[in-house]
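Asks: Before I ask anything, here is the structure I am working with.
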Amino acid sequence: MLRAVPDGWLSWNFTIFDDRRAIAKIDLAWVREAGELHLDGVKYRVCREGILSGAFVIEKEGLVLASAEKPSALIRSYTLHYNNKSFILGAASAMQRKFVLREGGQQVGSVWPENAFTKKAVIDLPADIAMPVRIFMVWLTLIMWKRDEAEA
């Protein structure tokens, strides 16, 4: 399992650890829901597909690796498209911060806070999904947590 640890108490930038080894970095943009992922010396861009688009994408050198859309502004979930497959990444329940990943109705992974009072997260996502896309899923979860915190 992986862990996401914020870079500071108030920070929304994270380092992803595999055991004790840092493997990736998530840098969230301050102004809008965008940012960069850094993995193995490679930079990935995460952003909205277009100015008026609701879809989020992860890109490497202009090539879209995966996309995610919110089916409704009222529902805390995304429909994710990757490698000719569709997944649902959404809140486990209305009152939880835990997000679960489903494929064909089956739960195949999850991202959840270490405890109720932290932004640190435990990441258990399928190994057959490329690591940049798994980190993109974590980024999507963090975006929802950030929105929830802003609304509280």
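Asks: Among the residues of the range 120-144, count how many are part of a loop (DSSP other than H, G, I, E, B) and surrounded by fewer than 20 Cβ atoms within 10 Å (Cβ to Cβ).
Replies: 5
Asks: Can you confirm whether the range 90-112 contains a residue that is more than 11 Å from the chain's Cα centre (by Cα), within 19 Å of Thr15 (Cβ to Cβ) and of a type in the set (Lys, Arg)?
Replies: No, there is no match, as no residue in the range 90-112 is more than 11 Å from the chain's Cα centre (by Cα), within 19 Å of Thr15 (Cβ to Cβ) and of a type in the set (Lys, Arg).
Asks: Another question, if that's okay. Would you mention how many residues in the range 78-102 are outside any loop (DSSP other than H, G, I, E, B), in contact (Cβ under 8 Å) with a residue 40 or more places away in the chain and either basic (Lys, Arg) or touching a Gly at 6+ places or on another chain (Cβ under 6 Å) (or both)?
Replies: The qualifying residues number 0.
Asks: Run down Gly8, Gly35, Gly90, Gly109 and say which single residue is among the small types (Gly, Ala, Ser) and out of contact with any strand residue (DSSP E or B) (no Cβ under 6 Å at 6 or more places or on another chain). Quick ask: steps written out before the conclusion?
Replies: On the way: Gly35 fails: out of contact with any strand residue (DSSP E or B) (no Cβ under 6 Å at 6 or more places or on another chain); Gly90 fails: out of contact with any strand residue (DSSP E or B) (no Cβ under 6 Å at 6 or more places or on another chain); Gly109 fails: out of contact with any strand residue (DSSP E or B) (no Cβ under 6 Å at 6 or more places or on another chain).
Answer to the selection: Gly8.
Asks: Which of the residues belonging to the range 66-85 are small (Gly, Ala, Ser) and either touching a strand residue (DSSP E or B) at 6+ places or on another chain (Cβ under 6 Å) or surrounded by 17 or more Cβ atoms within 10 Å (Cβ to Cβ) (or both)?
Replies: Ala66, Ser67, Ala68, Ser77
Asks: Separate question: Name the single residue that is surrounded by the fewest Cβ atoms within 10 Å (Cβ to Cβ) among those in the range 38-55 being outside any loop (DSSP other than H, G, I, E, B) and in contact with a Lys or Arg (Cβ under 7 Å, 6 or more places away or on another chain).
Replies: Ranking the candidates gives Val42 first.
Asks: While we're looking at this one, here's another question. Find the residue count for the range 115-152, including only residues that are at pLDDT below 95 and among the charged types (D, E, K, R).
Replies: Result for the range 115-152: 6.
The values are calculated or read from the model by the stated rules, or taken from the named source; none is laboratory data. Note that the coordinates shown come from a computational prediction; the quantities given were computed from them, not determined experimentally. Every residue, glycine among them, receives a Cβ derived from its backbone with ideal geometry; neighbour counts consider all protein chains shown.
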